[in-house]
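Everything below concerns the one structure shown next.
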Amino acid sequence: MDGHADIQSLMHGIGRRAKEAAAELSVASTEAKNKALKEMAASLRRRSNEILSENAKDMAAGEEKGLTGAMLDRLRLTDDRIEGVAAGLEAIAELPDPVGAIDDEWDRPNGLHIQRVRVPLGVIGVIYESRPNVTADAGGLCLKAGNAAILRGGSESFHSSRAITESLIEGLKAAALPEHAIQLVPKTDRAAVGELLTMTDFVDVIVPRGGKSLIQRVTDESKVPLFKHLEGLCHTYVHEAAQPDMAESIVVNAKMRRTGICGSMENLLIDRSVAPALLGRLVDGLTAAGCEVRGDAESQAMDSRVVAASDEDYDTEYLDSIVALKQVDGVDEAIQFIRDHGSEHTDAIITDDAATAETFVNRVDSAIVMINASTQFADGGEFGMGAEIGISTGKLHARGPVGVEQLTSMKYVVRGTGQTRP
C-alpha cells in the first residue's frame, strides 16, 4: 500500500473501533464511568516516573527544535503537574452525569408525554498542540459524557501523551469499559489529521485546541462539525464610572496573571473623559508587572511609557506581556471597537453604572461577557463546570466553556397509550 492508503486504513480502523465503543459507552452506568476515571487517576500517580521519563524525551526534542520558553513550559510535566492531571480526573468523576438527564417534559392534550433527554454526541475527535495534560482532560470529559474520543496530540508531546493514554486505558479496563473508548492516533504524520477531518462516517464532532494556524487548517479542511475558537482577542473596557482601585486591579490581573491563556486581555479600552485621571495609574500597574503598553497618540502624549501602537496591534493575540491601549468616547464606541477587532471570545466592562453595564452585556456578541471581573475567569473550572475541553466561539450547539454537559446532545422521548394522528 502507498502512504496515503496506509494512513487511511489506520485512521478508519481507529474510527470503527471508536464507533463501536461509543455504542457501549452510551448506556454505561455512571458508576462504571466514575470508577474508570478514578482508576485512571490512580494509574497516573502509580506510573508518574515512567510518564516523566517519556516527557523528558519530548522536552529534549523540543529544546533541540528551538521551541520558545513558553512552549516548553506548556510541554513540561512535573510531579505536581501529574498530580494536578490526576486530581482533574477525580474532579470529573465528581461531576453530575449529564447522560439521561431530563431537560424538560410536558404533556400534550392528546395524552402524549414528551421528554427532552440528554444523550452523548458519539465519537469526538480532539486535535491539540503541545500541552500533554489535554490528553487526560479531553479523554476524561468525553468519557464522563458517554462519548468515545480519538485524540491527536502535537508531535512535540507525542511520548508524553502516549504514556498518559496508557494510564487512561488502564482505567477503562479496570472498570470493564471498552478500551477503545479513548484512542491516541499513533502517528505524528500531518496526513493523519487530514484523514480524521474527513471521517464523517465515524466522527460526530471535532474539537481543535491550539494556535491560530492549527485552528485555521481544521476550519478550512474539516467535513466534520467543529467546536472551535479561532483566538482569544479579549477586551477590557474601563468606563468613566469605574472605581479606580477596581479598574487597576482587574486590568493588571486580566493581562498579567497568565499571559499565555485565551482569556488573557489583549486590548484595553478607556473612556477619554477619565483618561487624564486614570490612564497613568493603569500604566503604572501594568508596567510594574512587566507589561509593555502600546497605545494611540493621545495616550502616548499623556504617558511617555506608552509606545506607539500600529493598526495591527489591535488585531493581535499576543499571549505575551504586551497590551494595546485605546481611548474611546463612551460605551457605543467601545462596543463598536470590540465588534471591529474582537474574536467573540471574552469581553469585560468595568463600571458602577448599572444601565451602561446592561447595554454592554446586551450588545457585545461574545461567548462570555463580564461586568467588573477579570477576563482570566473565562474558564469552565472557574464557572463551576469542572474541567473544560475548550472555549467555543462558534454559535451552534456549544458556546463558551465546553464541559461535560456541552459534550451531549438531546433526543425526544414520546410516551403514548395508543394514540394515532388524525
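Scanning for something closer than 28 Å to Leu407 by Cα and in contact (Cβ under 8 Å) with a residue 12 or more places away in the chain, does the range 272-289 turn up at least one residue? The answer is no; no qualifying residue exists.
One line per residue, one yes/no per condition, for (1) out of contact with any Leu (no Cβ under 7 Å at 6 or more places or on another chain); (2) of a type in the set (S, T, N, Q); (3) under 17 Å from Ala348 (Cβ atoms):
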{"position": "Asn372", "(1), (2), (3)": "yes, yes, yes"}
{"position": "Asp379", "(1), (2), (3)": "yes, no, yes"}
{"position": "Gly390", "(1), (2), (3)": "yes, no, no"}
{"position": "Leu396", "(1), (2), (3)": "yes, no, no"}
{"position": "Leu407", "(1), (2), (3)": "no, no, no"}
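Taken over the range 220-242, the criterion of being touching a strand residue (DSSP E or B) at 6+ places or on another chain (Cβ under 8 Å) and farther than 23 Å from Glu317 by Cβ is satisfied by Val224, Pro225, His239, Glu240, Ala242. Here the condition is being part of a helix (DSSP H, G or I) and within 23 Å of the chain's Cα centre (by Cα); of Ala192, Ala149, it holds for Ala192 alone.
For the range 50-99, name all the residues that are hydrophobic (A, V, I, L, M, F, W, C) and closer than 30 Å to Pro120 by Cα. Passing the criteria: Ile82, Val85, Ala86, Ala87, Leu89, Ala91, Ile92, Ala93, Leu95, Val99. Please work out if Glu170 is closer than 29 Å to Ala56 by Cβ and either part of a strand (DSSP E or B) or at pLDDT below 95 (or both). So Glu170 fails the test. Given the condition among the small types (Gly, Ala, Ser), over 20 Å from the mean Cα position of the chain (by Cα), within 21 Å of Ala181 (Cα to Cα) and modelled with pLDDT of 95 or more, answer yes or no: does some residue in the range 100-118 qualify? The answer is yes, given that some residue of the range 100-118 is among the small types (Gly, Ala, Ser), over 20 Å from the mean Cα position of the chain (by Cα), within 21 Å of Ala181 (Cα to Cα) and modelled with pLDDT of 95 or more.
The values are calculated or read from the model by the stated rules, or taken from the named source; none is laboratory data. Note that this is a predicted model, so its numbers are computed, not measured. With ideal geometry, Cβ positions are generated from the backbone for all residues, glycine too; neighbour counts draw on all protein chains shown.
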